[in-house]
1. Give region 15-43 a look and list any residue that's exposed (fewer than 11 other Cβ atoms within 10 Å of the Cβ) and of a type in the set (A, V, I, L, M), or say none.
2. Taking the condition at negative phi and either exposed (fewer than 12 other Cβ atoms within 10 Å of the Cβ) or not in a helix (DSSP H, G or I) (or both), does ARG46 pass?
3. Out of the residues in region 136-162 that are exposed (fewer than 11 other Cβ atoms within 10 Å of the Cβ) and among the hydrophobic types (A, V, I, L, M, F, W, C), which is modelled with the highest pLDDT?
4. Looking at this structure, is LEU84 of a type outside the set (Asp, Glu) and in a helix (DSSP H, G or I)?
5. Please identify the pairs in which a residue from region 28-50 that is free of Cβ contacts under 8 Å to residues at least 12 places away in the same chain has its Cβ atom under 7 Å from the Cβ atom of a residue that is part of a helix (DSSP H, G or I), counting only partners at least 6 apart or on another chain.
6. Across region 140-160, what is the total count of residues that are farther than 22 Å from SER41 by Cα and either aliphatic (A, V, I, L, M) or under 21 Å from the mean Cα position of the chain (by Cα) (or both)?
7. For region 99-123, name all the residues that are open to solvent by 100 Å² or more (accessible area, probe 1.4 Å) and assigned to a strand (DSSP E or B).
Amino acid sequence: MPDRQPTLDEQIAIYQREYRELDPQVEKVVNALSRLDRRMSVAYGRQLATLGLSSPEWEVLKELVMAGNPYQLWPGTIARRLGLTPAAMTHRIDRMLTQDLVTRERDPDNRVRVIVGLTDTGREKWLEVMRMASVFEEELLQDLATEERVQLGDLLTRLLRRVEHAQPDAGGRLTDLD
């Protein structure tokens, strides 16, 4: 049994051998995106680890930053955006509290609810990750001219819109796949 993963072209040739109706151009795009996503996820995970962050913690930091100043959201809002259960969100926030990445306080407008906020430490961690990611992403696209980057960005955005339209519930974890 071979130890190495087939190249993209080898994989497509194998698929075509087994399934003659395969469109090799479609398969090349989809499999290249899949392989790129997997490798980028590993690279980002390694960068996060050097800063003492996990991918789940990074997701929460991103949501808080996306909320804008004062960088606060209800835990339920974050959970829905990330496709998590309330219990999973509580567990994640508890871990982040011990690292001084977030705060959890009573909502002054509704004492039953709590608000999760970004701390200065959490914001600095977010900025450190963004700096590291920017270097990685620039290296990733270094062989593409500006026009090619624009074109690639536009094409991938079109694909993303199609998938988001066809699978509107697929932003977080899918309960039907658990």
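The values are calculated or read from the model by the stated rules, or taken from the named source; none is laboratory data. Nothing here was measured: the structure is a model prediction, and the numbers come from that model. Heads up, the Cβs are rebuilt from the backbone with ideal geometry, glycines too, and the neighbour counts pull from every protein chain shown. Heads up: the accessible areas ignore ligands, DNA and RNA and are worked out on the full protein's heavy atoms, side chains in. Shrake-Rupley method; radii C 1.70, N 1.55, O 1.52, S 1.80 Å.
1. Across region 15-43, the qualifying residues are VAL26, VAL42.
2. Details: at negative phi: yes; either exposed (fewer than 12 other Cβ atoms within 10 Å of the Cβ) or not in a helix (DSSP H, G or I) (or both): yes.
For ARG46, the condition - at negative phi and either exposed (fewer than 12 other Cβ atoms within 10 Å of the Cβ) or not in a helix (DSSP H, G or I) (or both) - is met.
3. For region 136-162, the residue satisfying everything is ALA145.
4. The answer is no for LEU84.
5. Sorted first by the residue in region 28-50, then by its partner, the pairs are GLY45/SER55.
6. Pass one, region 140-160, residues farther than 22 Å from SER41 by Cα: 145-148, 150-151.
From what's left, either aliphatic (A, V, I, L, M) or under 21 Å from the mean Cα position of the chain (by Cα) (or both): 145, 150.
The qualifying residues number 2.
7. The answer is GLU105, ARG106, ARG111, VAL112.
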